[in-house]
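Notes follow once the structure below has been shown.
The values are calculated or read from the model by the stated rules, or taken from the named source; none is laboratory data. Because the structure is predicted, anything quoted here is derived from the model rather than measured. Using ideal geometry, Cβ is built from the backbone for each residue, glycine included, and neighbour counts are taken over all protein chains shown. Ligands, DNA and RNA are stripped out before the accessible areas are found, and what is left, the full protein with its side chains, is counted by its heavy atoms. Shrake-Rupley method; radii C 1.70, N 1.55, O 1.52, S 1.80 Å.
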Amino acid sequence: QVQLVESGGGLVQTGGSLRLSCAASGSGFSINAMGWYRRAPGKRRELVATSDTSSGVTNYADSVKGRFTISRDNAKNTVYLQMNSLKPEDTADYYCNANVQKPGWIHWTSYWGQGTQVTVSS
């Protein structure tokens, strides 16, 4: 069993910053990748940023490039999202994702956190 726990959401003004964190707990697993997704009111869930464990390759949505930074602490199975220069358009529920493998599994399994709210006001 793997559980993802997110924290760091809140209410900030335009131009402010927040740092989200997500820790994966459990035993006997490895994480291939971790990332962040978000769902804004009235919109479909979209990718924000991802980080591959082995290669270190990251990717970002065009809308957040230059403002958001994803980072990892592999020893703690934790992923962070530093969000700077926040805009009202960033208002959404943010979800942590991890691709997990265990011995005997043929394919990786995707796990999701419950989400944390980010609201950017003007």
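Loop-located chymotrypsin sites (Phe, Trp or Tyr not before Pro) across segment 19-122 with a Cβ neighbour count of 16 or fewer within 10 Å are W105, W108, with loop assigned by DSSP. Between G56, G66, G104, the Gaussian network model of the chain with springs among Cα atoms under 10 angstrom shows the greatest mean-square fluctuation at G104. In the full protein context, segment 20-122 carries 54 Å² of accessible surface per residue, based on a 1.4 Å probe and ignoring ligands, DNA and RNA.
Just to be sure I follow the definition: excluding the sites themselves, where is the longest run in the chain that has none of the trypsin sites (Lys or Arg not before Pro) in a DSSP loop with at most 15 other Cβ atoms within 10 Å? Segment 68-122 is the longest.
Among the lysines, select those whose C-alpha is under 22 Å from the C-alpha of K76, and discard any that sit fewer than 8 residues away in the same chain. Once the sequence-local lysines are set aside, what remains near K76 is K102. Across the protein chains, with a 1.4 Å probe defining accessible surface, the residues E89, E6, E46 rank E89, E46, E6 from largest area downward.
Across the protein chains, with a 1.4 Å probe defining accessible surface, the residues V5, V64 rank V5, V64 from largest area downward.
Measuring nothing but protein heavy atoms, the accessible surface of the chain at 1.4 Å probe radius is 46 percent carbon and sulfur.
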